[in-house]
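Taking it in order: structure first as structure tokens, then the write-up.
The values are calculated or read from the model by the stated rules, or taken from the named source; none is laboratory data. Here the structure is a predicted model, which means the values were calculated and not measured. Every residue, glycine among them, receives a Cβ derived from its backbone with ideal geometry; neighbour counts consider all protein chains shown.
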Amino acid sequence: PGLGRRPGPGLGRPGSSGGSRSPLQAKIKARDLRGKKKEELLKQLDDLKVELSQLRVAKVTGGAASKLSKIRVVRKSIARVLTVINQTQKENLRKFYKGKKYKPLDLRPKKTRAMRRRLNKYEESLKTKKQQRKERLYPVRKFAVKA
């Protein structure tokens, strides 16, 4: 699995265009993807994957340098589409589980193991019957300062 940065053998030969031109898209921005529906995103993802496979074929057959540099852009675009899909999915799950008693572990606050096991505010403030009785019978003494 190469990084697709180094030019392969046979580059720069005259007449090697690298096959048929695919509908190359401009660089995809995440903000443009956020408004789209899931079906549209999945379709775009498939298109990008097809384009990537075509570019990889062009790389092996000795395509133009512009196609080789395009591989990186397409890979990053695929990552952007997947990121937006995953983020919207998680957002929808958060909405669904809001106010429910139990949530999936990945939707709960991360914190640390010790912090998750700590008592909450209410549990910390609870007092035993014995402690309540003691506080009632022996309140905190107030002293008057003689001027």
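Remarks
Residues are listed down the side, and each one gets a yes or a no for (1) surrounded by 11 or more Cβ atoms within 10 Å (Cβ to Cβ); (2) in a helix (DSSP H, G or I):
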{"position": "74", "(1), (2)": "yes, yes"}
{"position": "80", "(1), (2)": "yes, yes"}
{"position": "85", "(1), (2)": "yes, yes"}
{"position": "93", "(1), (2)": "yes, yes"}
{"position": "100", "(1), (2)": "no, no"}
{"position": "115", "(1), (2)": "no, yes"}
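- Qualifying residue in region 53-65 (condition: assigned to a helix (DSSP H, G or I), at pLDDT 95 or above and either exposed (fewer than 12 other Cβ atoms within 10 Å of the Cβ) or within 26 Å of the chain's Cα centre (by Cα) (or both)): yes
- Considering residues of region 104-113 that are over 28 Å from residue 45 (Cβ atoms) and over 16 Å from the mean Cα position of the chain (by Cα) only, the residue surrounded by the most Cβ atoms within 10 Å (Cβ to Cβ): 111
- For first residues located in region 42-63 and polar (S, T, N, Q), partners that are in a helix (DSSP H, G or I) and lie 6+ apart or on another chain with Cβ distances below 9 Å form the pairs 44/33; 44/77; 44/81; 54/67.
- Inter-residue pairs, beta-carbon under 7 Å, first among the charged types (D, E, K, R) and in region 84-113, second in a loop (DSSP other than H, G, I, E, B) and surrounded by 11 or more Cβ atoms within 10 Å (Cβ to Cβ), 6+ apart: none
- For region 69-83, the set of residues classified as of a type in the set (Ser, Thr, Tyr) and touching a residue at least 12 places away in the same chain (Cβ under 8 Å) consists of 77, 83, listed by residue number.
- Flag if residue 144 is at negative phi, part of a loop (DSSP other than H, G, I, E, B) and of a type in the set (Gly, Ala, Ser): yes
- Evaluation of residue 36 against (1) assigned to a helix (DSSP H, G or I); (2) surrounded by 14 or more Cβ atoms within 10 Å (Cβ to Cβ); (3) at pLDDT below 95 (one fails), failing number: (1)
- The requirement of being of a type outside the set (Asp, Glu) and within 28 Å of residue 28 (Cα to Cα) is fulfilled somewhere in region 94-107, by at least one residue.
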